[in-house]
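In what follows, a structure is listed as structure tokens, so that the remarks can point back to it.
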Amino acid sequence: YLAGWTDSVNLPLASPLQGHMGGVDAFVVKLRASDGSLEFGTYIGGRGDDRAFGVAVDSSGNIVLTGWTSSPNFPTANPAQSSLAGGRDAFVLKLRSDGRQLLFSTYLGGSGQESGNAVAVDPNGNIFVGGETSSWNFPTQGGVQASLLGPGDGFVASFDASGQLRYSTLFGGHGQDRILAVVAGADGAAYIAGTTDSTDLPVVAAFQNSSGGGEDAFVAKLA
């Protein structure tokens, strides 16, 4: 399973859900395990700029994507957020295992800019998305941090298998924080990693309690 973005109008496709829509579209393809041949491939996007950065597969073979979009007509299905809130929002979507139906697709963002950078699925089908936001009004629900502290904070959002939002939280300090990787634990926890130049990033049971330089890596576990 591969996901990314392209400005090619002739990307090789098979049984596509969508043709080329704009200058830059996200895409996802599935290659056969036996020989690497193309099983299906499709563009996903609207008339703006759409880019996928993370892909995961659930136990039923359904494909989950995240990235960012500037398209006001990005394809949505049963969305938690139905419209573009800023210049660039994150997106989260689930594509049926054969690539021919959107099971759900939603914007996720506020009036600033967001990027969904990584996605994972736990054994129960719950989806975990990690990324970054500059929006003071990023939609939060539960979690450890409700308000933006710096010019940009990381975020973690979790959706159930049907696309209903379970929680959405910011994570960061008064600097610039980005979540670049996420892993779903069997116990439902979200393991996140990224970069920060915040000197007040929240730490608990820390191996390293304070910033060591201009920009540090971080790793955290959310219950």
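The values are calculated or read from the model by the stated rules, or taken from the named source; none is laboratory data. Just so it is clear, the structure is predicted and the values come from calculations on it, not from any experiment. As a convention, Cβ positions derive from the backbone with ideal geometry for all residues, glycine included, and neighbour counts pool all protein chains shown. Please note that ligands, DNA and RNA were not included when accessible areas were found on the heavy atoms of the full protein model with its side chains. Shrake-Rupley method; radii C 1.70, N 1.55, O 1.52, S 1.80 Å.
Suppose R0 equals 30 Å. What FRET efficiency, 1/(1 + (r/R0)^6) with r the Cβ-Cβ distance, do VAL9 and SER111 give to the nearest 0.05?
It comes out at approximately 0.40.
Given Cα positions, please report Rg to Rh for the stretch 100-199, the hydrodynamic radius being the Kirkwood one.
Values: Rg = 13.1 Å, Rh = 13.5 Å.
Value, to two decimals: 0.97.
What is the spread of the Cα atoms of the stretch 1-74 along each of their three principal axes, largest first, in whole Å?
37, 26, 16
With all protein chains present and a 1.4 Å probe, how do LYS30, LYS221, LYS94 order by accessible area, largest first?
The ranking, largest first, comes out as LYS221, LYS30, LYS94.
Do you know the relative contact order of the chain, to the nearest whole percent, from alpha carbon pairs under 8 angstrom that are 6+ apart?
12
With springs only between Cα atoms under 10 Å apart, run a GNM on the chain and tell me which of GLY130, GLY54, GLY23 wobbles the most.
Highest fluctuation of the listed residues: GLY23.
Decide, for the stretch 43-158, between rounded, prolate and oblate: order the square roots of the alpha carbon gyration tensor eigenvalues as a ≥ b ≥ c, take rounded if a/c falls under 1.5, and otherwise choose prolate if a/b is larger than b/c, else oblate.
oblate
Given C-alpha coordinates of the stretch 143-203, what is the ratio Rg to Rh with the Kirkwood estimate of Rh?
1.00
Using just the alpha carbons, could you tell me how many Å³ per residue the convex hull of the chain encloses?
124
How high is the relative contact order of the stretch 113-218? Use alpha-carbon pairs under 8 Å, at least six apart in sequence, and give a whole percent.
Reported relative contact order: 23 percent.
Pick out, from TRP136, SER70, LEU201, the residue whose Cα sits farthest towards the positive end of the charge dipole of the chain, with +1 on the Cβ of Lys and Arg and -1 on the Cβ of Asp and Glu.
SER70
Between the stretch 1-36 and the stretch 146-173, what is the separation of their alpha carbon centroids in Å?
28
With springs only between Cα atoms under 10 Å apart, run a GNM on the chain and tell me which of VAL203, VAL57, VAL182 wobbles the most.
VAL203
Could you work out which residue, out of SER60, SER135, SER211, moves most in a Gaussian network model of the chain, that is, has the largest mean-square fluctuation with Cα springs under 10 Å?
Greatest mean-square fluctuation among the candidates belongs to SER60.
So, taking all protein chains as they sit and a 1.4 Å probe, how much accessible area belongs to HIS174, in Å² rounded to tens?
120
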